[in-house]
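Structure first, commentary second.
The values are calculated or read from the model by the stated rules, or taken from the named source; none is laboratory data. From a predicted model like this one, the values you see are computed outputs, not experimental measurements. Because the Cβ atoms are built from the backbone with ideal geometry, glycine has one as well, and the counts that use them run over all protein chains shown. Keep in mind that these areas ignore ligands, DNA and RNA; they rest on the heavy atoms of the full protein, side chains included. Shrake-Rupley method; radii C 1.70, N 1.55, O 1.52, S 1.80 Å.
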Amino acid sequence: MAESVELPSRLAILPFRNKVLLPGAIIRIRCTSPSSVKLVEQELWQREEKGLIGVLPVRDAAEGTSIGSVLSQGVATDSGERTPKSPLATSDTHKLDGKNQPEVQWHTRGVAARALHLSRGVEKPSGRVTYIVVLEGLCRFSVQELSVRGTYHIAKISRLDMTKPEMDLAEQDPDLISLSRQFKATAMELISVLEQKQKTIGRTKVLLDTVPVHRLADIFVASFEISFEEQLSMLDSVDLKVRLSKATELVDRHLQSIRVAEKITQKVEGQLSKSQKEFLLRQQMRAIKEELGDNDDDEDDMAALERKMQSAGMPPNVWKHAHRELRRLKKMQPQQPGYSSSRAYLELLADLPWQNASEERELNLKAAKECLDSDHYGLAKVKQRIIEYLAVRKLKPDARGPVLCFVGPPGVGKTSLASSIAAALGRKFIRISLGGVKDEADIRGHRRTYIGSMPGRLVEGIKRVGVSNPVMLLDEIDKTGSDVRGDPASALLEVLDPEQNKTFNDHYLNVPFDLSKVIFIATANRAQPIPPPLLDRMEVIELPGYTPEEKLRIAMRHLIPRVLDQHGLRSEFLQIPESMVKLVIQNYTREAGVRSLERNLAALARAAAVRVAEQEQTLPLSNDVHQMSTSLLDTRIAEGAAEVEMEVIPMGVNNHEISNALRSSSALVVDEAMVEKVLGPPRFDDRETAERVTTPGVSVGLVWTTFGGEVQFVEASTMAGKGELHLTGQLGDVIKESAQIALTWVRARAADLKLVAAGNINLMDGQDIHIHFPAGAVPKDGPSAGVTLVTSLVSLLSQQRVRPDTAMTGEMTLRGLVLPVGGIKDKVLAAHRYGIKRVIIPERNFKDLVEVPATVLSSLEILLVKRVEDVLEHAFSTGCPWRQHSKL
């Protein structure tokens, strides 16, 4: 019993923010703030016998008047008297230091509590200690003086509850006896009502007979959901008569609220028929709103949606359809299956930019050209086509220009070119990735009859960007697939056709939407996978790979500044000379684009960042950095209740001094030793071709891939056998046929080429030939390796080595003609990257050399050929001594 508890003169105080613990009530608190954790450790956890603590309500100062005015007035007693001023009223130890810290109000009355259960835990990964404490309220006390011990507060207290002799005397008061009977009668009536709903309510009946009535008042009120002010009023009710009166009033109010709820339930159930039982919850909500007089939320929501639809600027036919759908929605109940889908559909119609378009700035071709030059190096032909496109837009803004399709290997700037066009036009830019898309619904949307239906990516993107005339990038348009769900490439035919996209019909919208104002730009790595009808709707602009000189300029102008910025560095910390960039380009990257180059530069930047970070850690702090005072820490913790976390106070480190100290240290200049240490040994070598073409039977070809041009070695070898041809290297059907054609041509001219004796007509007699294309894991196909295969076979059978500085490409016929092939520019650039000096190409590909940069052509010897004999003449260092014997 609380009357038998002996209270000490001082108690450790646990602040309880905006809540009150009443005597007889049991609460569970999770202590996380440093002050409350320290209090529990010292006052409860470390003691063999669990001690007592005081729980004192606190509130934010903003919720009431200022702290000084409240505490200086004292607290009125239940009898109307006012307690005299105590040391608490003038003490400032409870106030927080710091101008920006929130202040709290300490209530002058609290409850002594004892711990029924303690549990200790450690949060991961921070390692912070927390406690869970179950407290039982015992009796009221008054705070006489509040002081600080370490990180928590100690209060000098005086007991407020009556002692047992005083309680026995007070119970003889007739008024108190009458109030007790009235309280018990109201409580019994409440228990009788709750007994029909809760089976465990019988335990409460036992309390009415065993617990003193003044304790029952606190226990009952503690179980109700009442305001903080009412809880404080109950805590301040020291006089038993006042306490019982307030408790009786609260119990009666709770009883009436239960009866009103039952009345509403009965009223609703009486109105329901068998077909309406599924709407029980909604009818209950309506009845509650009727009782409160607040039943117009749904109507306001619908009115707001209708106003939004009216202001969207829909065309008349679309508005007619949308208004009909809105009328249908108003007749539906929110719990009906189609309600949410209909509402989502109308919200999409209201969000689409039917008339909203971004205003185009006046086109300045000179500024647009400067913007392209600053963002992209090289690509003169591509830039010129973009300027032509912008010039037409300037002369005729409503012109329906072609759909540009940038085709090129990865990393050459296709996506960034599209964003530059949007910036030049002053339009918003949106990117839609089509890589791996196999469902037609991704383009046209799902029909609304399906569960989880949604609009297509185009409509969703336009909704997200908020204007009807953005620049829309269809990225990786060559990576779309097709299956049983449809063909996205076929769905794009309507999107990219200027005559059809003005009435584009998304399956989800089911109304026409105008896409003619959108500027579409597509990107692809290859044009071959794109279906011909779709390719016919686009103007293909090829973006070849960069030369080493262009990569060097791109690295110095764009990549290095971007890499330094991404890694928090400046040029004072890291310097990468041009010679080192050239070294990285030649020995560590062989690609058409610059992504691998950027990754290698980023690796060098990370190595420099480690050094800079280590220097920053060793710098001494300036004298302006002071330690945090303990008084600030103590008073800062005072505001935290059981759920308040410790905040980190930032210290004013002098960043200027650190920056100066770092700047004073020598900048890290990348040299060859650092490049090899960070990037490893060189991955490529200019001597690779010469080393691999050291034996007869090896020739160097040029091929085209999705990543640009590449050098392809062809190796041939003979062995004893039955005259068979073996091909390896994961080859396609076309390249296998090219190998068979090459072997047939060599066998037909073996005697003329002095590969066999004059009387021997069977070149393959007693031997097999094995042709291998290295990099066996990479698929290979195409006809352009024909001349390379012939050269390899002739080199093998004649035991003459092919010149190591020569590479070749071209398709051959069975009669020995060399036919033109594609990708000449990429192939020539690949030969230049590999350090090859001579390139053999078909004569009919001479026109394609116009696209090759002049700097590349000046460093290469281009050899044009018509027949295979011309190829052999240029491929061997000794020429073709047997040419005079061949029959042309």
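Pairs of Cα atoms nearer than 8 Å and 6+ residues apart set the relative contact order; for the range 305-399 it is 29 percent. As an exercise, identify the trypsin sites (Lys or Arg not before Pro) in the range 714-774 lying in DSSP coil whose Cβ has no more than 13 other Cβ atoms within 10 Å. Filter output for the range 714-774: 722. The label point for residue 333 and the one for residue 516, both projected 7 Å from the Cα toward the Cβ, are 4.7 nm apart.
Using a probe of 1.4 Å, the accessible surface attributed to residue 806 totals some 0 Å² when neighbouring protein chains are kept in position. Computed over all pairs of different Cα atoms, the Kirkwood value for the hydrodynamic radius of the range 518-615 is 15.8 Å.
When the Cα positions of 469, 496, 593 are compared along the charge dipole of the range 457-604, 593 comes out farthest toward the positive end, with charges on each C-beta of Lys, Arg, Asp and Glu. Fully extending the segment from residue 467 to residue 451, taken as 0.36 nm per residue of separation minus the present Cα-Cα distance, adds 2.9 nm. Subtracting the Cα-Cα distance of residue 304 and residue 147 from their residue separation scaled by 0.36 nm leaves 50.9 nm. Modelled this way, with points 7 Å down the Cα-to-C-beta line, the labels at residue 695 and residue 733 are 3.4 nm from one another.
Kirkwood hydrodynamic radius of the range 499-553, from the reciprocal of the average inverse Cα-Cα distance over all distinct pairs: 14.6 Å. Shape of the range 788-856 from its Cα gyration tensor (a ≥ b ≥ c, root eigenvalues): rounded if a/c is under 1.5, otherwise prolate when a/b > b/c, or oblate? Oblate. Extending 7 Å from the Cα toward the beta-carbon at both residue 388 and residue 130 defines two label points whose distance is 6.8 nm. Among the listed pairs 263/330; 19/156; 582/677; 551/827; 396/463; 428/517, those with a Cα-Cα distance over 20 Å are 263/330; 19/156; 396/463. Short-range pairs are left out: with C-alpha atoms under 8 Å and at least six residues apart, the relative contact order of the range 440-487 is 33 percent. Note on residue 717/residue 777: beta-carbon distance plugged into 1/(1 + (r/R0)^6) with R0 of 22 Å gives a FRET efficiency of 0.60.
A straight chain from residue 553 to residue 526 at 0.36 nm per residue would run longer than the Cα-Cα distance by 7.1 nm. Residue 556 sits with roughly 60 Å² accessible to a 1.4 Å probe, with DNA, RNA and ligands left out of the calculation.
The residue 173 and residue 227 beta-carbon pair, evaluated with R₀ = 35 Å, returns a calculated FRET efficiency of approximately 0.70.
Probe radius 1.4 Å, ligands and nucleic acids left out: which of 320, 551 has the largest accessible area, and how do the rest follow?
In descending accessible area the options line up as 320, 551.
Residue 394 sits with roughly 100 Å² accessible to a 1.4 Å probe, with DNA, RNA and ligands left out of the calculation. Applying 1/(1 + (r/R0)^6) with R0 = 22 Å to the Cβ-Cβ distance of residue 565 and residue 367 gives a FRET efficiency near 0.35.
Would you kindly calculate the translational diffusion coefficient of the range 729-888, applying Stokes-Einstein with the Kirkwood radius from alpha carbon pairs, for 10 °C and a viscosity of 1.306 mPa s, and quote it in µm² s⁻¹ without decimals? Answer, rounded: 97 µm²/s.
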